[in-house]
Amino acid sequence: MRARNIIVDADACPVKSEIEEAGRQFGVQVVLVASFDHRMKENPGVKVVQVDRSDQSVDLYIANQIQQGDILVTQDFGLAALGLAKGSICLTNRGQEYTDSSIDFLLDRRHVSAKMRRSGKHSKGPKPFTEADRQNFLHGLTKLLKKLQEIEKK
């Protein structure tokens, strides 16, 4: 099964160039979706979709467009859950794959954290993004694309 598209929640995605590189290497269309606040240019094999600035516009566009066989790159657990429900493969910006078994835990943790913030408690937030994270992402995406390519050949 070959990936149809790599769809990217691109507003704050730190690995856009790595995604474009892997898409070119494997001949998979990359779709970068971002608000008009983020200027991006189309390249061969890369389509840019820009939506309005409202809070959930990028997520709503992706949720309406994503299909089975697409790869979704996002840090948004809710969007990843929608992608999984539609049969897409979902990755974080650090290269971890969201699964049906992990998404419930992540959504629950997000809910608990939101409750804590509303009560005045604050957490440290995510760790800074490193070069090792960038390499892990590229390795994970490349491995996934190779696996999908091998499945298609069978």
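The values are calculated or read from the model by the stated rules, or taken from the named source; none is laboratory data. Predicted, not measured: the structure shown is a model, and the values here were computed from it. All Cβ positions, glycine included, derive from the backbone under ideal geometry; neighbour counts span all protein chains shown. For accessibility, only protein heavy atoms count, side chains too; no ligands or nucleic acids. Shrake-Rupley method; radii C 1.70, N 1.55, O 1.52, S 1.80 Å.
Some points to look at:
- Each DSSP beta bridge with both residues in the chain is either parallel or antiparallel, and the antiparallel ones are about 15%.
- Amide proton proximity set for Tyr98, modelled H, under 5 Å, gap of 5+: Cys90, Leu91, Thr92
- Of the residues Tyr98, Tyr61, ranked by 1.4 Å probe accessible area with the largest first, the sequence reads Tyr61, Tyr98.
- FRET efficiency for the Thr142 to Ala85 pair, using the beta carbon distance and R₀ = 30 Å, is estimated at 0.70.
- Solvent-accessible surface of the chain, averaged per residue with a 1.4 angstrom probe and all protein chains in place: 60 square angstrom.
- Rounded to the nearest 20 debye, the dipole size of the chain about its Cα centre is 300 debye, using +1 on the Cβ of Lys and Arg and -1 on the Cβ of Asp and Glu.
- Solvent-accessible area of His139 with every protein chain in place, 1.4 Å probe, in Å² to the nearest 10: 120 Å²
- With every protein chain in place, the stretch 1-82: carbon and sulfur % of accessible area (1.4 Å): 47 percent
- Table column - 3J(HN,Hα) (Hz), the stretch 70-75, Karplus curve with 6.51, -1.76, 1.60, x for Gly and Pro: 7, 10, 10, 10, 7, 9
- Amide proton proximity set for Gly69, modelled H, under 5 Å, gap of 5+: Ser88, Ile89
- Rounded to the nearest 0.05, the FRET efficiency derived from the C-beta distance between Asp52 and Ser17 at R0 = 22 Å is 0.30.
- Each eigenvalue of the Cα gyration tensor of the stretch 1-51, multiplied by 5 and square-rooted, gives one semi-axis; in descending order these are 19, 10, 10 Å.
- Identified option (computed P(r) over Cα pairs in 5 Å bins from 0, in percent; candidates (1) 2, 7, 10, 10, 8, 8, 7, 6, 6, 5, 5, 5, 4, 4, 3, 3, 2, 2, 1, 1, 0, 0, 0, 0; (2) 1, 9, 15, 15, 15, 15, 13, 9, 4, 2, 1, 0; (3) 2, 9, 18, 21, 22, 16, 8, 4, 2, 1, 0): (3)
- Counting only alpha carbon atoms, the long axis of helix 131-153 and the longest principal axis of the chain meet at about 50°.
- Taking all Cα pairs closer than 8 Å and separated by 6 or more residues, the relative contact order of the chain comes to 25 percent.
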